[in-house]
Amino acid sequence: MAETKRLADPVSRRRFLAVGGGSTALAAFLAACGSDSGTTTTSTTGMKSSGGAGETAEFGKGDVGILNYALTLEYLETAFYRDVVKSGLFKGAELGTIRKFGSEEAEHVEALTAAVKQLGGKPAAEPKAEFPLENAKSVLELAATVENLGAAAYLGQAANIESPEVLASALAIHSVEGRHASVLNTLLGESITPDGAFAKPADVKTVLESVEPFIVG
Amino acid sequence: MSEEQLAHPELAGVGVDEDSQDLSRSEVILKGALAAGAVYGTLMVGPYVRRALAMSGGGDVEILNFALTLEYLESKFYEEAKSRAKASGELKSLVSLLADDEKQHVEALTATIKQLGGKPVAAPKFDFPYSDTSGFLALAQTFEDTGVSAYNGAAPAIESKEVLAAAGGIVQVEARHAAAIRLQNKAEPAPQAFDPPLDEKKVLKAVEPFIA
């Protein structure tokens, strides 16, 4: 692991640290379904979250905030794979997989950027990132961490998304992150489903704290 | 919903079959529109989707029963495969893991439908035509990819946030399965940057041949 980078810019530092807020409680699988069955998803006001929607407020309001949060993560993933390809640590089939995943993350960046604009928002800026690229094994481990975290991040926001169209797009990305995570876990000889039969979500604070070491100035 | 009311008439044909008996027209249109929105990455289907949603009365129980039918299929498929697929080594462990996950999905969906006051559908009888490991793997890939697309297509119509979050937790696991099975098949594990959603009608059509 390279030395932990610190955020110099107080604004971006705050953005990456202070988005805690209430826990979403969305991890409470299936248990409390009965109570919420009457809520409607048809009006925008009826979609207000009972707990977690404010989590991404630092990235923008409502769906724009959630999309910009996702965009920030996708920027990091794209930069990571780009650096890994350049590192020369991989060849052959593994390099092919890394290139493929990297190009898919770049497509996610494009789609999310377009979606933020369509909602009238301002797309988040690309963070400057640096990743420790020491050897193939440590890089694969980091890739697996990033992808499992990315999948959990999308899952953590799904129920906070107001627009069904944005939700449909987020879900189409979410399952691809899950596929990536499964492949990397397989390459490392780890379980493809580390959470068991039901994937667990991650809240914004946990996710941002995990990626913070890779954000520079 | 009549054709004249559609904000985007060009989408009217998406996923709509005239012989549809199980779904209301508005539901079929809704799912097709959501699919179109996700596939093309646009937000242009907005007003159209909202109107269809308002007309769709199926509710979460119907969606969950649809998911339950798919999970019955997968669960039975892998349970049988333990003795039929002639799997060994890594694949044998994978089959066992997948059988266990799908069984848990069946149980969770059944419990949730009951909690919502609904009646879980009965398990159909299935017939899986394969005679060797490669035949098994080909079917497994179809089922897992279809499962992912089915959940992705149906989820935006889910009303309850808790049910949506739970469905998300399941679809991610299906995606993980799909990638692992694809690796076994020497196929691209994540072939596209966006998993295409499938509407219910198309999903049912895809699995129909395996219902005895």
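One line per residue, one yes/no per condition, for (1) among the hydrophobic types (A, V, I, L, M, F, W, C); (2) farther than 24 Å from A:GLU209 by Cβ:
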site	(1), (2)
A:PHE90	yes, yes
A:PHE101	yes, no
A:LYS122	no, yes
A:VAL146	yes, no
A:GLY156	no, no
A:ALA159	yes, no
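There is no residue in the stretch B:189-199 that is assigned to a helix (DSSP H, G or I) and either within 29 Å of A:SER163 (Cα to Cα) or more than 8 Å from chain A (Cβ to nearest Cβ) (or both). A:ASN160 meets each of the listed conditions (1) free of Cβ contacts under 8 Å to residues at least 24 places away in the same chain; (2) within 12 Å of chain B (Cβ to nearest Cβ); (3) in a loop (DSSP other than H, G, I, E, B); (4) of a type outside the set (Asp, Glu) apart from (1). Of the residues making up the stretch B:69-89, those that are part of a helix (DSSP H, G or I), in contact with a Ser or Thr (Cβ under 9 Å, 6 or more places away or on another chain) and surrounded by fewer than 23 Cβ atoms within 10 Å (Cβ to Cβ) are B:LYS82, B:ARG84. The residue of the stretch B:178-187 that is surrounded by the most Cβ atoms within 10 Å (Cβ to Cβ), among those that are more than 7 Å from every other protein chain (Cβ to nearest Cβ) and either without any contact (Cβ under 8 Å) to a residue 24 or more places away in the chain or under 17 Å from B:ASP101 (Cβ atoms) (or both), is B:ILE181. Selection of first residues in the stretch A:186-199 that are more than 7 Å from chain B (Cβ to nearest Cβ) and of second residues that are crowded, with 17+ Cβ neighbours inside 10 Å and modelled with pLDDT of 95 or more, restricted to Cβ pairs under 6 Å at least 6 apart or on distinct chains, gives the following pairs, ordered by first then second residue: A:LEU187/A:LEU140; A:LEU188/A:LEU140; A:LEU188/A:ALA144. When each of A:ALA170, A:ALA115, A:ALA181 is tested for being in contact (Cβ under 8 Å) with a residue 24 or more places away in the chain, facing chain B (nearest Cβ under 7 Å), outside any loop (DSSP other than H, G, I, E, B) and more than 28 Å from B:GLN184 (Cβ to Cβ), the lone residue that passes is A:ALA115.
Kindly establish whether B:VAL95 is part of a helix (DSSP H, G or I) and under 23 Å from A:THR186 (Cβ atoms). The answer is yes for B:VAL95. Within the option set A:LEU67, A:LEU76, being assigned to a helix (DSSP H, G or I), under 14 Å from the mean Cα position of the chain (by Cα), surrounded by fewer than 24 Cβ atoms within 10 Å (Cβ to Cβ) and modelled with pLDDT of 95 or more holds for one residue only, A:LEU76.
When residues in the stretch B:140-176 are screened for being facing chain A (nearest Cβ under 7 Å) and in a helix (DSSP H, G or I), 18 of them pass.
Of the residues making up the stretch B:118-176, those that are without any contact (Cβ under 8 Å) to a residue 40 or more places away in the chain and in contact with a Cys (Cβ under 8 Å, 6 or more places away or on another chain) number 1.
The values are calculated or read from the model by the stated rules, or taken from the named source; none is laboratory data. A quick note: this is a predicted structure, and the numbers were derived from the prediction, not measured. In this analysis, Cβ positions are derived from the backbone assuming ideal geometry, glycine residues included, and neighbour counts consider all displayed protein chains.
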